[in-house]
1. Going through Gly226, Gly174, Gly231 one at a time, which residue ends up being farther than 25 Å from Phe69 by Cβ, of a type outside the set (Val, Ile, Thr) and touching a residue at least 24 places away in the same chain (Cβ under 8 Å)?
2. Identify the residue in region 143-177 that is in contact with a Phe, Trp or Tyr (Cβ under 9 Å, 6 or more places away or on another chain) and among the small types (Gly, Ala, Ser) and, among all such residues, is surrounded by the fewest Cβ atoms within 10 Å (Cβ to Cβ).
3. Is it the case that some residue within region 178-190 is surrounded by fewer than 17 Cβ atoms within 10 Å (Cβ to Cβ), assigned by TED's automatic domain parsing to the domain that holds Val84, of a type in the set (Val, Ile, Thr) and in a loop (DSSP other than H, G, I, E, B)?
4. Can you tell me which of Ile165, Ile151, Ile169 is of a type in the set (A, V, I, L, M) and within 16 Å of the chain's Cα centre (by Cα)?
5. Taking into account only those residues within region 123-153 that are in a strand (DSSP E or B) and under 16 Å from Gly89 (Cβ atoms), which is modelled with the lowest pLDDT?
6. Can you tell me which residue within region 83-130, out of those that are out of contact with any Leu (no Cβ under 7 Å at 6 or more places or on another chain) and of a type in the set (Lys, Arg), is nearest to Glu19 (Cα to Cα)?
7. With Met2, Met37 as the choices, which residue is of a type in the set (A, V, I, L, M, F, W, C), more than 24 Å from Phe126 (Cβ to Cβ) and at pLDDT 80 or above?
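The values are calculated or read from the model by the stated rules, or taken from the named source; none is laboratory data. Please read all numbers here as calculations on a predicted model, not as lab measurements. Cβ coordinates were reconstructed from backbone atoms using ideal geometry, including for glycine residues, and neighbour counts include every protein chain displayed.
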Amino acid sequence: MMRDKEQPLFDTERYVRAEEPGKTAFPIAKAGYPFIMAAAFATSVFAILKLMIPALIGLAATFFICYFFRDPDRLVPKGDDMVVSPADGKIIVITRVNSNPFIEGEFLKIGIFMSLFDVHINRSPFEGDIKKISYFPGKFLAANREKASTINEQNALILQTKRGIEFCIVQIAGLIARRIICLVQPGDNVKRGQRIGLICFGSRVDVYLPLNTMPTVAVGDKVKAGASILGYLS
């Protein structure tokens, strides 16, 4: 059956696109191109030299890097007070904190661990203006350790909603990750679910939400950036 050209591809009453969909069947983040090209070049050299085992390893590495840097389109659920996940991965902490190095006051902290097999694109949990971005050099502990939340290399983004509510999203490098990429700048207005950055090769994202946020997730839950609901502002 032919689809009506005016019929939407998704339920517009429940979902919205934060950005235009990709033009390829398997979108890859631009940051991944140098890694993919380097792996493909090394594989080609091994193949020309008839070093079959290194060539096969290089080919597998090339395919894995393509997989790692995949950048799928996401439909973002609608809801005025809805907070969506800033990252793909596993919820490893939900706790109330009285203070933190990034933003003053008490907040609900939710930590999300991204394994090597998760999509590593980070997205805005809410719509608003990027008020401040702060980079903090640090160590490279395994990102699922709680110490990583405070002593690892990290990049903190302060987001302010039109009602004056402030959020903090912290991109944290992990044991293997050595590059944090931020795609926005102070003064930018972002939509809920919009891409704001990525972290290369295993990492973590912590989000500091207002205390009145009613969480809808629990430790151990798997979430997807821009698509999974973390909670609602009350």
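1. Of Gly226, Gly174, Gly231, the one residue that is farther than 25 Å from Phe69 by Cβ, of a type outside the set (Val, Ile, Thr) and touching a residue at least 24 places away in the same chain (Cβ under 8 Å) is Gly231.
2. For region 143-177, the residue satisfying everything is Ala156.
3. Within region 178-190, not a single residue is surrounded by fewer than 17 Cβ atoms within 10 Å (Cβ to Cβ), assigned by TED's automatic domain parsing to the domain that holds Val84, of a type in the set (Val, Ile, Thr) and in a loop (DSSP other than H, G, I, E, B).
4. Sole residue among the options that is of a type in the set (A, V, I, L, M) and within 16 Å of the chain's Cα centre (by Cα): Ile169.
5. Asn152
6. So, considering only residues that are out of contact with any Leu (no Cβ under 7 Å at 6 or more places or on another chain) and of a type in the set (Lys, Arg), the one nearest to Glu19 (Cα to Cα) is Arg123.
7. Met37
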